[in-house]
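For reference, the structure is listed below as structure tokens.
The values are calculated or read from the model by the stated rules, or taken from the named source; none is laboratory data. Owing to the predicted nature of the structure, the values given are computational and were not obtained by experimental measurement. Here the Cβ positions follow ideal geometry from the backbone for every residue, glycine too, while neighbour counts run over all protein chains shown.
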Amino acid sequence: MEISDRVDKPSRTVILCALAVVCLYALLGFVNSHGGIRGSDQFWYVADTESLLNGEGVQTNYIRPHNVENDTTIRNQGFVHNVPQIYLAAIPGLVLGAYNGWLFMNALFNLLTAVLLFLTLTRFLPEDISILAALLYLVMPLAFWHSYQPLAEAFHALLMTSILYIYYYGSKNSSRYFAIGIVIVVLVLCRKNYIIVAPFVSALLFFELKQRYRFALSFFFLGGILLLSASLKLFFPDTYDYTYTYVAVTGNVASVDSTTIMQLVNIYANKFFEFFKVQFLPLNSSAIFYLPFDLLALGTLYVWLRYARRRLDAPVLLVAAGLLFLLLTAVVAWYQARYQLPFYPLLIFAFFIEAKALLEEASLRRTLRVVLPSLILLGLATDSVLTCWTWQGGKTAEAVRRHYSVMYNEAIGNTESVIYTGQDWGIMTTYLLRPRKVFLGDEELYLSTRKYSKLIEAQDIRWLLTWNNLGMERQFPGHELRLEREFPAFETEPTRYLYRIVATKENSP
């Protein structure tokens, strides 16, 4: 790709507007943060960080006892995210606490991502348009929402954007691939799925090299990333070591142990089509996260086919890696809108670069200088609504936590383990029950019928907390369930029942 050295300096108005947008971004984030922790996975990341800050290492009390017959629960491993972000969030967490430490780091990560996106775009576009494009990323609903949630993808977005920055700002020879390789290894440490990026970057190296041995060098690059990633994983065992080795994170993974090949094909085929349905036809409020991504992806595809002569350059290959990442993650494991975030900057960059020929026309640049500020204002308006929604959700979750934590502490000893069954993943409930060990009892994901007895005996479990008070005895042969407490429905939470698990005479030691 030919790089233009022409740079149009941004006007004072653009600079002042950019500062105003960043200030409003920070102000909305400040309000957002005071809502408190809410959601589901957010509790996992906060629990991991709190455990680290307390000197107990990275651990949680959330245990998924899938496939009890193979003794995987005997390992007694809690679900964890032993990833770099935990340690980064713990640094400000020493002063701000685990939750606010996460928010501080994520807001900083997204600001840095916007800066790198701006710097990379200025190699090709006028500075004022580059600033507006970077601000558009910052105020996009998903980027803003993620800035003020204790979740992992903001750091991933920074790393993905760093690959672009290094590629275009690094030395003009192939040595910059060494730095890119290090970034990919860090990405893999964050989440194994990102290994998908490595072959695409290796292909970039292959196309760039003119030497006789370019195939061997690109293969060596890919092999080095795989080897280094695998060796570093020995020191940073993360979620997926537990998820895919000891337990199952979703029904897709759990089914591998108990399903025939044709059933698996049917399951994964359904998930394949479900991915496109969720991505392109969202039917709830999550549309504000999916639709901007869809429009950017389709717009990039259009300008690439129509104006860029279908050349396989860095932005296109990295976007292709991102789309494959999302598809495989959805089919094999699980899919959430937040997984898109690391690829938003790549899509924005790819769209503008592939449409660069169009932007040579002064009339289109003038139009863009009107359209981009309008989209930024729309993003800020949406972010304001998101702030109200998340703040209210956080306050509701805080009331629920206060309500149930008191009752759980009164009823269950701190050293006694609990089986939890319900129509959710029990992430917040598990967080409230700390330091007690909590074993998830969802039959669809973790336990097959009548395997509870082995689990109870192996882990000396005394309690069952459940949403269901009908027919539970059938799941516990050899044990009697005695109803100890009924916790009435509160706010968004249904009625819960606490049973004491008592061995019957024939099952007594």
Restricting to segment 163-180, count the residues that are buried (at least 21 other Cβ atoms within 10 Å of the Cβ) and of a type outside the set (Phe, Trp, Tyr). 3
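Residue-by-condition table, conditions (1) touching a Leu at 6+ places or on another chain (Cβ under 6 Å); (2) crowded, with 19+ Cβ neighbours inside 10 Å; (3) modelled with pLDDT under 90; (4) not aliphatic (A, V, I, L, M):
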| residue | (1), (2), (3), (4) |
| --- | --- |
| 399 | no, no, no, no |
| 424 | no, no, yes, yes |
| 441 | yes, yes, yes, yes |
| 450 | no, no, yes, yes |
| 453 | no, no, yes, yes |
For residue 122, state whether it is at pLDDT below 95 and out of contact with any Gly (no Cβ under 6 Å at 6 or more places or on another chain). yes
Looking for whichever is in contact (Cβ under 8 Å) with a residue 12 or more places away in the chain and more than 27 Å from residue 326 (Cα to Cα) here; the options are 191, 123. Which one fits? 123
Would you check if residue 88 is assigned to a helix (DSSP H, G or I), surrounded by fewer than 24 Cβ atoms within 10 Å (Cβ to Cβ), in contact with a Phe, Trp or Tyr (Cβ under 6 Å, 6 or more places away or on another chain) and not hydroxyl-bearing (Ser, Thr, Tyr)? no
Could you check, for segment 3-18, whether at least one of its residues is of a type in the set (S, T, N, Q), at pLDDT 85 or above and out of contact with any His (no Cβ under 6 Å at 6 or more places or on another chain)? no
Which residues, taken from segment 120-141, are closer than 21 Å to residue 13 by Cβ and over 24 Å from the mean Cα position of the chain (by Cα)? 121, 122, 125, 126, 127, 128, 129, 130, 131, 132
Filter result (polar (S, T, N, Q), more than 28 Å from residue 86 (Cα to Cα) and either in a helix (DSSP H, G or I) or not assigned by TED's automatic domain parsing to the domain that holds residue 161 (or both)) within segment 175-230: 202, 218
Looking at 387, 367, 382, can you tell me which residue is modelled with pLDDT under 90, among the polar types (S, T, N, Q) and part of a helix (DSSP H, G or I)? 367
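Results for (1) among the β-branched types (Val, Ile, Thr); (2) surrounded by fewer than 19 Cβ atoms within 10 Å (Cβ to Cβ); (3) more than 28 Å from residue 152 (Cα to Cα), shown as yes or no for each residue.
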{"position": "300", "(1), (2), (3)": "yes, no, no"}
{"position": "322", "(1), (2), (3)": "no, no, no"}
{"position": "342", "(1), (2), (3)": "no, no, no"}
{"position": "348", "(1), (2), (3)": "yes, no, no"}
{"position": "356", "(1), (2), (3)": "no, yes, yes"}
{"position": "364", "(1), (2), (3)": "no, yes, yes"}
Right, residue 336: under 16 Å from the mean Cα position of the chain (by Cα), within 27 Å of residue 111 (Cβ to Cβ) and surrounded by fewer than 18 Cβ atoms within 10 Å (Cβ to Cβ) or not? yes
Out of (1) closer than 30 Å to residue 424 by Cα; (2) modelled with pLDDT of 90 or more, what's the single condition that is false for residue 199? (1)
In segment 18-68, which residues are hydrophobic (A, V, I, L, M, F, W, C), in contact (Cβ under 8 Å) with a residue 60 or more places away in the chain and either out of contact with any helix residue (DSSP H, G or I) (no Cβ under 8 Å at 6 or more places or on another chain) or crowded, with 19+ Cβ neighbours inside 10 Å (or both)? 18, 21, 28, 37, 43, 44, 46, 47, 63, 68
Looking at residue 357, is it at pLDDT below 85 and closer than 20 Å to residue 196 by Cβ? no
